[in-house]
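The values are calculated or read from the model by the stated rules, or taken from the named source; none is laboratory data. Only a predicted model underlies this, so the values are computations on that prediction, with no experimental measurement involved. Note that we place each Cβ from the backbone using ideal geometry, even for glycine, and neighbour counts take in every protein chain shown. To get the accessible areas, we keep the full protein, side chains included, count just its heavy atoms, and leave off ligands, DNA and RNA. Shrake-Rupley method; radii C 1.70, N 1.55, O 1.52, S 1.80 Å.
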Amino acid sequence: MTGPVPERWQEAVHAFPAECLDRFLLWAADRGASDIAFQTGSPAFVEIDGSLAQATDARLDGPVMGRLCERLHDATAEGILRSGRAIDCSHAVRRGRGEQQRFRCNLAPVQGEAGFAVNITLRVLPGRPPGFDELGIEDEIVRAWDLCKGLVLVTGVPGSGKSTLLAAGTRRLLERGAGRIQSYEAPIEYVFDGIAAEGALMSSAEIPRHFPSFADGLRSSLRRRPTAVVVGEARDRETVEAVVRAADYGIAVFSTTHTIGVAATVRRMLAEFPADERAERGAALIDAMTMVVTQVLLPNPAGGRTALREWLVFDAVLKAALLECPQASWPARIGAALAATGNDLAAAADRALHQQRIGEDSHRRILVGSEGSDP
């Protein structure tokens, strides 16, 4: 989707000055960009409120892209990319007195006109993790989060604000004095140094710089007995097993997955296990589950974007009902529970349309997606 063309960065009219990368990143962030993209042979682009727009007249050639990769990672970046591996890292730009603008970076090899090319995508991160009140998080979600027990999953497509919601929840745990909190991220996105945290101690580790994998970090947590762990993403069987095991040990686990909808999330996590293990693993997963929250971001007719959320709290009654029926009927049971609470995405879209926070097209897209989901 392409929106109105904003002003171009005037320092890159004829060529992009790699040594001025940080100035460009601050320029983009100050104009409300959520994402910044560089690609060999193309101009730089920024994404604002979900619309992509060209930000420079100059196109980025191979040597310039090589220097940008080195500035964002190090001198080994091009070698890693040419070997067929992507790089996830973070980047910080100093703004002033102790203030930094942080970015999450992904560097990936792609095909270009001359063969090897590079795509760089940067996500602009808030300097300070927001609070639940700033995000307008619903009271029922807040109450379930405050229980600080079991497994809580925040889900959605890339760019739907999962990491921001997870960071806001982590901030809430700190402010409420939840005890020892350990996070494992790839890379570390938010810094919590400025959050008042009497009765709470936060430690963050980056994957793979401090631990080879999320699962390795979680195994370390089992020996250190934190109150809660925050896991950047439960994206493979090993990590799913580890988060369920940690929750079974009495550690509250907060994580994300790339799924849309509560039923799809449960199905996706079960799919990580061999068919002959799903009955046992599924029972352990449901027993550990406290809440699943799905978030989507849609254009707001008044400007910016509107967050819609679907959520389901797995209380004792729901867990018992699920464990007493075959796994094949779980999506229907979960759908019925969502319909009974009115916390599904379709209901959220209806409310947002009535409040004029989304348009007709967005509302229709949500309803079509809901119709095509599990019953």
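Miscellaneous remarks
- One residue from Thr290, Thr257, Thr239 being closer than 20 Å to Leu135 by Cβ and at pLDDT below 95: Thr257
- The residue pairs whose first member lies in region 60-72 and is within 12 Å of Phe116 (Cα to Cα), whose second member is among the charged types (D, E, K, R) and part of a helix (DSSP H, G or I), and whose beta carbons are closer than 6 Å, counting only pairs six or more residues apart or on different chains, are Gly66/Glu78.
- For region 215-225, filtering for residues that are open to solvent by less than 10 Å² (accessible area, probe 1.4 Å) and under 26 Å from Gly177 (Cβ atoms) leaves 3.
- Single residue of Arg102, Arg82 found to be open to solvent by less than 60 Å² (accessible area, probe 1.4 Å), among the charged types (D, E, K, R) and either touching a Cys at 6+ places or on another chain (Cβ under 7 Å) or in contact (Cβ under 8 Å) with a residue 24 or more places away in the chain (or both): Arg102
- For region 105-125, a residue qualifies if it is out of contact with any strand residue (DSSP E or B) (no Cβ under 7 Å at 6 or more places or on another chain) and either in contact (Cβ under 8 Å) with a residue 12 or more places away in the chain or open to solvent by less than 10 Å² (accessible area, probe 1.4 Å) (or both), and the qualifying residues are Gly112, Glu113, Ala114.
- Cβ-Cβ under 6 Å pairs, at least 6 apart or on other chains, region 256-284 side in contact (Cβ under 8 Å) with a residue 60 or more places away in the chain, far side surrounded by fewer than 17 Cβ atoms within 10 Å (Cβ to Cβ) and part of a strand (DSSP E or B): none
- Meets criteria (within 25 Å of the chain's Cα centre (by Cα) and open to solvent by less than 50 Å² (accessible area, probe 1.4 Å)) for Leu60: no
- For region 152-188, a residue qualifies if it is without any contact (Cβ under 8 Å) to a residue 60 or more places away in the chain, surrounded by 23 or more Cβ atoms within 10 Å (Cβ to Cβ) and under 8 Å from the mean Cα position of the chain (by Cα), but none of them does.
- In region 269-370, counting only helices (runs of 4 or more DSSP H) that sit wholly within it, the ones holding 2 or more residues that are open to solvent by less than 20 Å² (accessible area, probe 1.4 Å) and touching an Asp or Glu at 6+ places or on another chain (Cβ under 8 Å) span 330-341, 345-354.
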